[in-house]
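Asks: One structure, as structure tokens, below. Some questions next.
None of the figures in this text is laboratory data; all of them are computed from the coordinates on show. Quick caveat: nothing in here was measured; it's all calculated off a predicted structure. With ideal geometry, Cβ positions are generated from the backbone for all residues, glycine too; neighbour counts draw on all protein chains shown.
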Amino acid sequence: MTQLILASGSRYRHQRLIDANIQFSFKSPNIDETPIPNENGKSLAIRLATSKANAIANEYHNAVIMGSDQVAEVTTNEKIHILGKPKTKEKAVIQLNLCSGNSVSFYTALYLLCTQTNKEYVHLDTTVVDFRELTKEQIAQYLDIDQPFDCAGSFKMEKAGITLFNAIHNTDPNALIGMPMIGLTQGLESLNHSIFNFMPKPSSTNSD
């Protein structure tokens with residue numbers, strides 16, 4: 001039986017798959033996530049998603065490996081800023097100040113690799129978020145509440161982060177949480193798998 005393996009330790013991606021009733025295993029890859037000079041957000045997201053999956057692929061002989069990554073990009077004063085995971089409150093303050101009053105593009109890449117056939121699938125989802133004008137006090141209050149220091153762009157949309165926005169423009173709301181479920185469904189089909197094959201079968205009951 002083919003396994004579905006997530007090449008990520010992200011609890012957000014884990015939870016989204018669990019919420020969709022998908023059965024999977026996971027392994028955290030060890031890769032260098034440093035951007036290459038002059039690398040744009042789209043290319044970085046795809047490269048990291050691909051690298052994550054390929055880093056663990058040799059360990060599985062009959063599996064579909066999922067690699068995913070998200071990069072945020074905002075332009076201020078004609079300068080492009082790539083926003084990764086801030087990791088500290090100080091960097092999160094800087095990121096949210098850059099986002100304040102601006103439209104921010106979030107690129108969520110999904111890479112699937114079937115280890116039996118070596119077939120690949122690459123998907124890139126773009127979400128544009130219009131941020132409200134945020135005061136220093138609002139930024140500080142929000143960061144104390146959600147502490148989104150492991151999230152690209154310094155917010156958690158599924159929690160209080162939604163209050164920072166004026167609008168969200170996308171085709172798959174799951175992508176902003178880091179796991180584009182529409183892309184996953186389409187990708188598995190392109191590899192000759194069905195997403196329903198990775199969901200538990202309902203137990204049958206006999207009626208008298």
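Asks: Closer than 21 Å to GLY84 by Cα, in contact (Cβ under 8 Å) with a residue 24 or more places away in the chain, touching a helix residue (DSSP H, G or I) at 6+ places or on another chain (Cβ under 6 Å) and of a type in the set (A, V, I, L, M, F, W, C): does that describe ILE31? Break it down into steps so the answer makes sense when it comes.
Replies: Values: closer than 21 Å to GLY84 by Cα: yes; in contact (Cβ under 8 Å) with a residue 24 or more places away in the chain: yes; touching a helix residue (DSSP H, G or I) at 6+ places or on another chain (Cβ under 6 Å): yes; of a type in the set (A, V, I, L, M, F, W, C): yes.
In short, yes.
Asks: Please enumerate the residues belonging to segment 8-31 that are more than 20 Å from ASP172 (Cβ to Cβ), part of a loop (DSSP other than H, G, I, E, B) and in contact with a Ser or Thr (Cβ under 8 Å, 6 or more places away or on another chain).
Replies: If the condition is that a residue be more than 20 Å from ASP172 (Cβ to Cβ), part of a loop (DSSP other than H, G, I, E, B) and in contact with a Ser or Thr (Cβ under 8 Å, 6 or more places away or on another chain), then GLY9, SER28, PRO29, ILE31 are the ones that fit.
Asks: Kindly indicate whether any position in segment 110-125 is free of Cβ contacts under 8 Å to residues at least 60 places away in the same chain, in contact with a Ser or Thr (Cβ under 6 Å, 6 or more places away or on another chain), buried (at least 17 other Cβ atoms within 10 Å of the Cβ) and among the aromatic types (Phe, Trp, Tyr). Steps first, please.
Replies: Residues of segment 110-125 that are free of Cβ contacts under 8 Å to residues at least 60 places away in the same chain, as a first pass: 115, 118, 120, 125.
This time we only want the ones that are in contact with a Ser or Thr (Cβ under 6 Å, 6 or more places away or on another chain), so: 125.
Of the ones still in play, those that are also buried (at least 17 other Cβ atoms within 10 Å of the Cβ) are 125.
Filter once more, keeping what is among the aromatic types (Phe, Trp, Tyr): none.
For segment 110-125, residues free of Cβ contacts under 8 Å to residues at least 60 places away in the same chain, in contact with a Ser or Thr (Cβ under 6 Å, 6 or more places away or on another chain), buried (at least 17 other Cβ atoms within 10 Å of the Cβ) and among the aromatic types (Phe, Trp, Tyr): absent.
Asks: Follow-up. If we scan segment 61-68, do we find a residue that is within 29 Å of ILE139 (Cα to Cα), outside any loop (DSSP other than H, G, I, E, B) and within 15 Å of the chain's Cα centre (by Cα)?
Replies: Step one: of segment 61-68, the residues within 29 Å of ILE139 (Cα to Cα) are 68.
Right, trim to outside any loop (DSSP other than H, G, I, E, B) and you get 68.
After this cut, where a residue has to be within 15 Å of the chain's Cα centre (by Cα) as well, the list is 68.
There is at least one residue in segment 61-68 that is within 29 Å of ILE139 (Cα to Cα), outside any loop (DSSP other than H, G, I, E, B) and within 15 Å of the chain's Cα centre (by Cα).
Asks: Let me ask you something else. Which members of segment 135-163 meet the condition of being more than 15 Å from LYS85 (Cα to Cα), in contact (Cβ under 8 Å) with a residue 12 or more places away in the chain and either of a type in the set (Val, Ile, Thr) or surrounded by 22 or more Cβ atoms within 10 Å (Cβ to Cβ) (or both)?
Replies: ILE139, TYR142, ILE145, THR163
Asks: Then there's this: Can you name every residue in segment 152-163 that is assigned to a loop (DSSP other than H, G, I, E, B) and on the phi < 0 side of the Ramachandran plot? So that I can check it myself, show each step before the final result.
Replies: Let us first name the residues in segment 152-163 that are assigned to a loop (DSSP other than H, G, I, E, B), namely 152-159.
Passing the criteria: ALA152, PHE155, LYS156, MET157, GLU158, LYS159.
Asks: Additional query: Please find, within segment 69-109, the residue that is nearest to ILE22 (Cα to Cα) out of those that are in contact with a Pro (Cβ under 8 Å, 6 or more places away or on another chain) and part of a strand (DSSP E or B).
Replies: Among those that are in contact with a Pro (Cβ under 8 Å, 6 or more places away or on another chain) and part of a strand (DSSP E or B), it is THR108.
Asks: Within segment 80-94, restricting attention to residues that are without any contact (Cβ under 8 Å) to a residue 60 or more places away in the chain and within 22 Å of ILE46 (Cα to Cα), which residue is farthest from the chain's Cα centre (by Cα)?
Replies: The qualifying residue farthest from the chain's Cα centre (by Cα) is ILE80.
Asks: So, in segment 128-147, how many residues would count as being farther than 20 Å from SER103 by Cα and among the charged types (D, E, K, R)?
Replies: Of the residues in segment 128-147, 3 are farther than 20 Å from SER103 by Cα and among the charged types (D, E, K, R).
Asks: Regarding SER51, is this residue small (Gly, Ala, Ser), closer than 20 Å to LEU188 by Cβ and without any contact (Cβ under 8 Å) to a residue 24 or more places away in the chain? Even if it seems obvious, please write down each step before you answer.
Replies: Details: small (Gly, Ala, Ser): yes; closer than 20 Å to LEU188 by Cβ: no; without any contact (Cβ under 8 Å) to a residue 24 or more places away in the chain: yes.
Here the answer is no, as SER51 does not meet what is asked.
Asks: Return the residues of segment 164-202 that are outside any helix (DSSP H, G or I) and surrounded by fewer than 13 Cβ atoms within 10 Å (Cβ to Cβ); say none if nothing qualifies. Before the answer, list the steps.
Replies: Applying the first criterion (outside any helix (DSSP H, G or I)) to segment 164-202 yields 165-172, 178-180, 191-194, 199-202.
Answer for segment 164-202, where residues must be outside any helix (DSSP H, G or I) and surrounded by fewer than 13 Cβ atoms within 10 Å (Cβ to Cβ): ASN166, ALA167, HIS169, THR171, ASN192, SER194, MET199, PRO200, LYS201, PRO202.
Asks: Please verify whether segment 3-18 includes one or more residues that are surrounded by fewer than 17 Cβ atoms within 10 Å (Cβ to Cβ) and touching a Leu at 6+ places or on another chain (Cβ under 9 Å).
Replies: yes
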